[in-house]
Amino acid sequence: MFGLEIWQFWAAVGVTFFAGFVKGAIGFAMPMIMLSAFGSFLPATTALGALILPTLLTNIQQAFRQGRREAWQSAWNFRWHIAMVVIFICVSAAFATAIPQGIMYALLGVPIVGFALWQLSGRPLKLQVDHRRRAEVVTGTIGGLYGGISGIWGPPAIVLLLSLGVDKREQVRVQGVIFLLGAIVLTVAHLFSGVLNAQTVPLSAILCIPAFLGMQLGFALQDRMDVVQFRRWTLILLVLTGLNLIRRAFDFWS
């Protein structure tokens with residue numbers, strides 16, 4: 001089935017459902033969860049290809065949940081970050097098989113863990129408004145570079161939004177817009193890179209079903225969380241994301 005053993009296919013379905021649930025509840029981490037789990041039973045290129053269409057679908061849901069007008073306003077408000085993500089996903093996707101990913105994962109994972117733990121300690125980091133454009137450009141560039149290589153470009157955006165103190169509803173919508181545009185670029189880029197091919201496209205398409213179902217359950221949980229709970233779980237998930245990136249770095253070096 002899609003070039004997989006039956007157990008591999010159903011394992012992929014279960015992982016995708018759970019990843020969709022987490023994304024619906026917190027607004028991110030779907031590619032991280034899918035790649036982490038898929039990597040233990042699927043080839044690397046199959047794992048990356050399989051997550052692309054579910055990521056695209058769920059980001060459409062997330063970005064437009066409050067309507068098109070709100071989504072476009074969010075895109076304009078964070079246009080510098082989004083532009084850098086789009087540009088540098090295109091740049092780095094062509095080098096997905098050539099760049100030493102272990103070093104890249106470590107350089108991203110360590111500061112993410114440090115930032116999230118600092119925030120959880122009760123000492124929030126706030127960006128000054130006059131530095132916002134610079135922060136958007138830097139975080140967008142970093143996110144784009146990693147996105148083209150690994151399919152994960154979310155953590156720098158989360159760091160930016162938490163630092164700016166964006167409220168829960170807008171944060172989730174902005175994440176959806178940023179991730180959606182990145183997902184579109186990633187999809188196109190990997191149609192040319194060969195990651196999306198005759199084997200991975202059908203698998204990725206069928207995994208959109210559990211992703212959609214998980215997302216709906218996650219939305220229901222998100223709506224019941226207050227701002228403090230949402231922020232705490234966002235930071236905890238950010239710590240886990242960073243630790244996972246560090247783990248992947250050690251996997252490449254071992």
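A few remarks follow.
- Which of Met34, Met84, Met225, Met215 has the fewest Cβ neighbours within 10 Å, and the rest in rising order: Met225, Met84, Met215, Met34
- Rounded to the nearest 500, the helix-only mean residue ellipticity at 222 nm of the chain stands at -26500 deg cm²/dmol, with each DSSP H run of n ≥ 4 adding -39,500 (n - 2.57).
- Dipole magnitude (debye, nearest 20) for region 157-254, charges at Cβ of Lys, Arg, Asp, Glu: 140 debye
- Order of Val172, Val166, Val228 - criterion: other Cβ atoms within 10 Å of each residue's Cβ, fewest first: Val228, Val166, Val172
- Charges were assigned to the Cβ only: +1 to each Lys and Arg, -1 to each Asp and Glu. The resulting dipole of region 6-253 about its Cα centre is roughly 460 debye.
- From the coordinates shown, semi-axes √(5λ) of the Cα gyration tensor in Å corresponds to which of [x] 26, 20, 18; [y] 42, 19, 15; [z] 33, 21, 18: [x]
- When the P(r) is computed for region 107-215, the part past 18 Å accounts for 59% of the Cα-Cα pairs.
- Of all the options Ile158, Ile236, Ile26, the one that moves most in a Gaussian network model of the chain with Cα springs shorter than 10 angstrom is Ile236.
Each reported figure results from applying straightforward, stated rules to the coordinates on display, with no laboratory input. None of these values were measured; they are calculated from a predicted model. Quick reminder, even Gly has a Cβ in these numbers, built from the backbone with ideal geometry, and neighbours come from all protein chains shown.
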